[in-house]
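J.: Attaching a single structure in structure tokens format; questions to follow.
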Amino acid sequence: MANRRQKTGQAGPNQISLFDFIAEAAVVQENRPQPGSLVMGPQVKELLSQALKKTSFKRWEIAGRMGEYADAEITESMLNSWTADSKEGHRFPVEYLPAFCWATGDYELIEAIVKACGCYLIKSEEVVLLELARIDEKKRQLQQREKQVRQYLDQMRKEVTP
């Protein structure tokens, strides 16, 4: 029976391939931001709102969790102000971003900010998957080297044997 290996070189449904990632990174480096292109206020409000809608927690629960994580007084009305289109002067403080991500389990806002900076965010699980891919590649290289050494050994034995 054939020994089938799982193909790790293919991207999953919600994952870009490594080659697409590299190509996109090259485009980002070539295309420097234009004046005014990094105004993120409306996008921040939208991503905050989307994260709050997606989570199963109530806003007051998220505010409480954020306050605990950030060691600060964060209220439901503050969350409402940060997401309301009518509240122009109320901006989401970036110092609360890690607490917001932990409280909601949503990382889209930080991903958008990192991408606007010309970088990429790799989550913990993805780092582990990358390490597993490196290990698989080293195994493949070692197997190939082992095959070469065995062939060389066989060749040596044939030459010695009359």
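The values are calculated or read from the model by the stated rules, or taken from the named source; none is laboratory data. Please read these numbers as outputs of a predicted model, since none were measured by experiment. Because the Cβ atoms are built from the backbone with ideal geometry, glycine has one as well, and the counts that use them run over all protein chains shown.
J.: Counting only residues that are exposed (fewer than 11 other Cβ atoms within 10 Å of the Cβ) and either at pLDDT below 75 or in contact with a Gly (Cβ under 8 Å, 6 or more places away or on another chain) (or both), which one in region 23-48 is nearest to Leu130 (Cα to Cα)?
T.: Result: Ala26.
J.: When you go through Phe92, Phe100 one by one, which is the residue that is crowded, with 16+ Cβ neighbours inside 10 Å and part of a loop (DSSP other than H, G, I, E, B)?
T.: On the way: Phe100 fails: part of a loop (DSSP other than H, G, I, E, B).
When all the criteria are applied, what remains is Phe92.
J.: On to the next question. Within region 113-157, which residues are within 11 Å of the chain's Cα centre (by Cα) and at pLDDT 90 or above? Show your work before the answer.
T.: Step one: of region 113-157, the residues within 11 Å of the chain's Cα centre (by Cα) are 114-115, 119-127.
Residues satisfying the conditions are Val114, Lys115.
J.: Provide a single number: the residues in region 76-131 that are small (Gly, Ala, Ser) and closer than 14 Å to Lys53 by Cα.
T.: We begin by selecting, within region 76-131, every residue small (Gly, Ala, Ser); these are 77, 81, 84, 86, 89, 99, 103, 105, 112, 116, 118, 124.
This time we only want the ones that are closer than 14 Å to Lys53 by Cα, so: 84, 103, 105.
Within region 76-131, residues that are small (Gly, Ala, Ser) and closer than 14 Å to Lys53 by Cα number 3.
J.: Pairs needed: first member in region 58-86, within 10 Å of Ala99 (Cβ to Cβ); second member anywhere, exposed (fewer than 13 other Cβ atoms within 10 Å of the Cβ) and modelled with pLDDT of 95 or more; C-beta distance under 7 Å; at least 6 residues apart or different chains.
T.: Gly67/Glu73
J.: I need the full set of residues from region 42-56 which are in a helix (DSSP H, G or I) and farther than 12 Å from Cys101 by Cα, in order please. Can you show your working first?
T.: First, the residues of region 42-56 that are in a helix (DSSP H, G or I): 42-54.
Selection gives Pro42, Gln43, Val44, Lys45, Glu46, Ser49, Gln50, Lys53, Lys54.
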